[in-house]
Amino acid sequence: MNGTQQSENVAQKSCNSKQVEELHRLKEQIELQEALFNIKHKIVVLSGKGGVGKSSVAVNLAVALSLSGKKTGLLDVDLHGPSIPTLLGIEGRLPATAAARIEPVPYSDTLKVMSVGLLLRDRAEAVVWRGPAKHGVIRQFLAAVAWGDLDYLIVDCPPGTGDEPLSVIQLLEGAEGAVIVTTPQDVALTDVRKSVTFCRQMKLPVIGVVENMSGFVCPHCGEGIDIFKSGGGRLVADEMNIPFLGRIPLDPAMVRAGDEGEPLVEYRADSPTAQAFAAMVATVSARCDAAGNAARESGQ
């Protein structure tokens with residue numbers, strides 16, 4: 001075989017390899033679109049830093065929507081610190097598989113859940129993955145999980161603007177937007193600004209900001225105390241020209257509810273904190289409905 005023939009063979013193999021890669025990419029894209037096709041609203045829950053109660057907000061948002069009769073999915077992509085199974089009391093319930101698809105774990109008739117925490121045999125097991133591996137797992141959670149028909153898919157991301165939120169936003173085409181969770185103190189509000197900028201760079205609408213741990217009402221005397229200050233969430237929302245979704249007070253019952261796997265909006269629905277969540281959820285739902293109606297009208 002002469003040099004020309006060798007070059008032609010190498011070029012042909014390279015061309016074939018590129019065609020196979022392109023076909024594989026198209027196949028993955030079609031699978032993802034099919035899996036997400038019957039999900040009406042997709043909401044990403046973000047925070048600029050850890051420790052602001054983002055997962056608790058995501059859980060209570062998902063549970064409240066499901067209790068209102070909305071078919072809801074909750075996806076936990078905090079791969080290194082999955083807390084959703086604990087917060088919902090479903091640890092140890094392994095997802096089933098059917099027809100090469102993963103069945104999300106049912107929390108109730110109207111709420112399905114998927115988390116890497118449901119796949120770990122040992123709660124102390126560490127997940128040690130780099131960026132490409134994490135992107136692949138998130139894509140599988142979206143494309144290979146049998147979500148079915150949903151009114152809402154709530155995606156709980158880890159704090160910051162790293163690999164996981166980036167992958168979620170890239171994969172969730174047509175997402176409704178982001179709910180950004182903060183606490184009132186200045187160090188958290190600085191990171192909210194970064195989260196808003198991140199969403200704008202990714203062309204993801206911001207549904208609004210939730211100020212968590214905003215004030216504390218003593219269960220004995222009823223006196224209110226601003227332990228972490230209050231009002232910062234509204235200030236930064238006004239500054240960044242985005243909606244403010246409400247204040248969630250600091251409540252010891254929220255901590256107990258998380259440890260016991262009993263979401264506050266379901267098990268203590270009459271509490272002031274649960275009522276604050278209900279108001280926030282109503283606002284989010286109304287904004288999603290309005291955005292959906294606007295999209296349908298523009299498509300007509």
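The values are calculated or read from the model by the stated rules, or taken from the named source; none is laboratory data. This is a predicted model, so every value here is computed, not measured. Note that each Cβ is placed from the backbone with ideal geometry, even for glycine, and that neighbours are counted across all protein chains shown. Side chains are part of the model used for accessible areas, which takes the heavy atoms of the whole protein and leaves out ligands, DNA and RNA. Shrake-Rupley method; radii C 1.70, N 1.55, O 1.52, S 1.80 Å.
Among L142, L189, L153, which is in contact with a strand residue (DSSP E or B) (Cβ under 9 Å, 6 or more places away or on another chain), buried (at least 20 other Cβ atoms within 10 Å of the Cβ) and within 17 Å of G51 (Cα to Cα)?
Values: L142 fails: within 17 Å of G51 (Cα to Cα); L153 fails: within 17 Å of G51 (Cα to Cα).
Of L142, L189, L153, the one residue that is in contact with a strand residue (DSSP E or B) (Cβ under 9 Å, 6 or more places away or on another chain), buried (at least 20 other Cβ atoms within 10 Å of the Cβ) and within 17 Å of G51 (Cα to Cα) is L189.
Out of everything in the range 75-113 that is within 15 Å of K54 (Cβ to Cβ) and among the charged types (D, E, K, R), what residue ends up being most open to solvent (accessible area, probe 1.4 Å)?
In this case the residue turns out to be D78.
Within the range 40-74, take every residue that is part of a loop (DSSP other than H, G, I, E, B) and either open to solvent by less than 10 Å² (accessible area, probe 1.4 Å) or hydroxyl-bearing (S, T, Y) (or both) and give me the one that is farthest from R268 (Cα to Cα).
Of the range 40-74, the ones part of a loop (DSSP other than H, G, I, E, B) are 48-53, 68-71.
Those still in the list that are either open to solvent by less than 10 Å² (accessible area, probe 1.4 Å) or hydroxyl-bearing (S, T, Y) (or both) too: 52, 68.
Values: V52: 21, S68: 15 Å.
My answer is V52.
Just one of V206, V210 is closer than 17 Å to V284 by Cβ and surrounded by 23 or more Cβ atoms within 10 Å (Cβ to Cβ); which is it? Write out each step before concluding.
On the way: V206 fails: surrounded by 23 or more Cβ atoms within 10 Å (Cβ to Cβ).
The match here is V210.
Out of the residues in the range 1-56 that are within 24 Å of I84 (Cβ to Cβ) and basic (K, R), which is modelled with the lowest pLDDT?
Checking each candidate, the answer is K49.
Among the residues of the range 75-105, how many are within 17 Å of the chain's Cα centre (by Cα) and outside any helix (DSSP H, G or I)? Walk me through it before giving the result.
Step one: filter the range 75-105 for residues within 17 Å of the chain's Cα centre (by Cα), giving 75-88, 104-105.
Cutting the leftovers down to outside any helix (DSSP H, G or I) gives us 75-83, 104-105.
Qualifying residue count, the range 75-105: 11.
Regarding the range 179-192, can at least one residue be identified that is small (G, A, S) and either at pLDDT 90 or above or assigned to a strand (DSSP E or B) (or both)?
Let us first name the residues in the range 179-192 that are small (G, A, S), namely 188.
Those still in the list that are either at pLDDT 90 or above or assigned to a strand (DSSP E or B) (or both) too: none.
So far as the range 179-192 goes, no, none of its residues is small (G, A, S) and either at pLDDT 90 or above or assigned to a strand (DSSP E or B) (or both).
Which is open to solvent by less than 20 Å² (accessible area, probe 1.4 Å), farther than 18 Å from A58 by Cα and modelled with pLDDT under 90, of G299, G224, G215, G233? Give the steps one after another, and end with the answer.
Working: G299 fails: open to solvent by less than 20 Å² (accessible area, probe 1.4 Å); G224 fails: open to solvent by less than 20 Å² (accessible area, probe 1.4 Å); G233 fails: farther than 18 Å from A58 by Cα.
After applying the criteria, what remains is G215.
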